[in-house]
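The values are calculated or read from the model by the stated rules, or taken from the named source; none is laboratory data. As the structure is a computational prediction, the values presented were derived from the model and not from experiment. So basically every Cβ, Gly included, is an ideal-geometry build from the backbone, and we count neighbours across all protein chains shown. For accessibility, only protein heavy atoms count, side chains too; no ligands or nucleic acids. Shrake-Rupley method; radii C 1.70, N 1.55, O 1.52, S 1.80 Å.
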Amino acid sequence: MRIPYSPTLRLRRLASELKQGRERSRLTVSQAGKALGWTASKISKIETTETRRISAGDLDKMLDLYEISEPSKRQAMHALAKDAKERGWWTKYREVFGDQALPDFEAEASVIRSFEGLMLPGLLQIPKYAEALFQGGRYTGAKEISDRVEARMARREILTKINPVHLRVVMDEAALRRIIGSTQVMAEQLRYLLEMAKLPNVDVQVLPFSAGSHAALAAPFSILEFPENLALPIVHVGTVTDSVFFEQPKDVAHYSATFGDVQGTALSTTQSARFIADVLTSLEND
């Protein structure tokens, strides 16, 4: 059974609560360490999430020192510590996702706003389309491609789970026009895209060529938002070799403004569905 939460976000939340508790107690990192008989480095690593596992005993010592005595608060923080120790399903695809796994953050995202320029978003891809994408890169063995496809398909479950994420996608017309795999694969992919666009939690907008220059020509990106009490929004930018996450508020604000610009320029969801259907018809008639 898959865990329905992000261990990384739970750890970050716990670290933030502990840091706030120390600061409310007017203790420096060094003072807290000395009071507990620990090094300042141990306190610092817990607060910066370098330490991923915090024992129940150590947590109780910190809660006692910071005078966090409310039973419900202590129980909640122990739950965070327990959840943070779990391993997400994506860990078995570490070679695919890397150390900072996008699905780790997607697991508890409430809203994902995504712009794509040259291909359809991974969360809306079918296996044949994804496989053709991976085959289009450097020569890779069949097993690695299979693992990548399997991992990408597993990510899609956040769209159909209980309390699914709200996915808001703006895609350039180029993503619809580029034939990936074959005409038949593209037609199947576009039919799937239209079906997904009917879901109440999925919004798909097309940015047509006629829009000309726009704010997001540089690179595709996604903005992940979380429940208010869990974490601040982050931005994910996929690169050729890795994933880059931006968390500074000014960076997130910049990407949010950019998404707002392209969303405002794009066709409405209804117009976009008609546009995609027209592209599909042209493929089927070839």
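Could you look through the range 32-54, keep only residues that are in contact with a Lys or Arg (Cβ under 6 Å, 6 or more places away or on another chain) and of a type in the set (A, V, I, L, M, F, W, C), and pick out the one that is surrounded by the most Cβ atoms within 10 Å (Cβ to Cβ)?
Selected residue: Ala32.
Please specify each residue of the range 243-260 satisfying the condition of being under 14 Å from the mean Cα position of the chain (by Cα) and touching a residue at least 12 places away in the same chain (Cβ under 8 Å). If you could, list the steps in order and put the result at the bottom.
To start, the set of residues in the range 243-260 that are under 14 Å from the mean Cα position of the chain (by Cα) comprises 243-247, 252.
If the condition is that a residue be under 14 Å from the mean Cα position of the chain (by Cα) and touching a residue at least 12 places away in the same chain (Cβ under 8 Å), then Ser243, Phe245, Phe246, Glu247, Val252 are the ones that fit.
Only one of (1) in contact with a helix residue (DSSP H, G or I) (Cβ under 6 Å, 6 or more places away or on another chain); (2) buried (at least 19 other Cβ atoms within 10 Å of the Cβ); (3) not in a loop (DSSP other than H, G, I, E, B) fails for Tyr255. Which number is that?
(1)
Find all pairs meeting these conditions: Cβ atoms under 6 angstrom apart; at least six residues apart or on different chains; first residue within the range 203-226 and closer than 17 Å to Thr239 by Cβ and hydroxyl-bearing (Ser, Thr, Tyr); second residue open to solvent by 10 Å² or more (accessible area, probe 1.4 Å) and in a strand (DSSP E or B).
The qualifying pairs are Ser222/His236.
Kindly check whether there is at least one residue in the range 17-27 that is under 29 Å from Phe105 (Cβ atoms), over 26 Å from the mean Cα position of the chain (by Cα) and open to solvent by 90 Å² or more (accessible area, probe 1.4 Å).
Yes, there is a match, as at least one residue in the range 17-27 is under 29 Å from Phe105 (Cβ atoms), over 26 Å from the mean Cα position of the chain (by Cα) and open to solvent by 90 Å² or more (accessible area, probe 1.4 Å).
One residue is enough: does the range 148-166 have a residue meeting the conditions under 22 Å from Val262 (Cα atoms) and of a type outside the set (Phe, Trp, Tyr)?
yes
For the range 127-176, give me each residue that is among the aromatic types (Phe, Trp, Tyr) and either crowded, with 20+ Cβ neighbours inside 10 Å or out of contact with any helix residue (DSSP H, G or I) (no Cβ under 8 Å at 6 or more places or on another chain) (or both). Spell out the reasoning first.
First, the residues of the range 127-176 that are among the aromatic types (Phe, Trp, Tyr): 129, 134, 139.
If the condition is that a residue be among the aromatic types (Phe, Trp, Tyr) and either crowded, with 20+ Cβ neighbours inside 10 Å or out of contact with any helix residue (DSSP H, G or I) (no Cβ under 8 Å at 6 or more places or on another chain) (or both), then Tyr129, Tyr139 are the ones that fit.
Tally up the residues in the range 136-154 that are more than 24 Å from Val169 (Cα to Cα) and assigned to a helix (DSSP H, G or I), please.
Counting residues in the range 136-154 that are more than 24 Å from Val169 (Cα to Cα) and assigned to a helix (DSSP H, G or I) gives 6.
Considering only residues that are over 17 Å from the mean Cα position of the chain (by Cα) and open to solvent by less than 40 Å² (accessible area, probe 1.4 Å), look in the range 114-126 and name the one that is modelled with the highest pLDDT.
Here the residue is Ile126.
Can you tell me which residue in the range 177-204 is surrounded by the fewest Cβ atoms within 10 Å (Cβ to Cβ), limited to those that are assigned to a loop (DSSP other than H, G, I, E, B) and of a type in the set (S, T, N, Q)?
Initially, the range 177-204 is screened for residues assigned to a loop (DSSP other than H, G, I, E, B), giving 178-182, 197-201.
This time we only want the ones that are of a type in the set (S, T, N, Q), so: 182, 201.
Details: Ser182: 12, Asn201: 15.
It comes out as Ser182.
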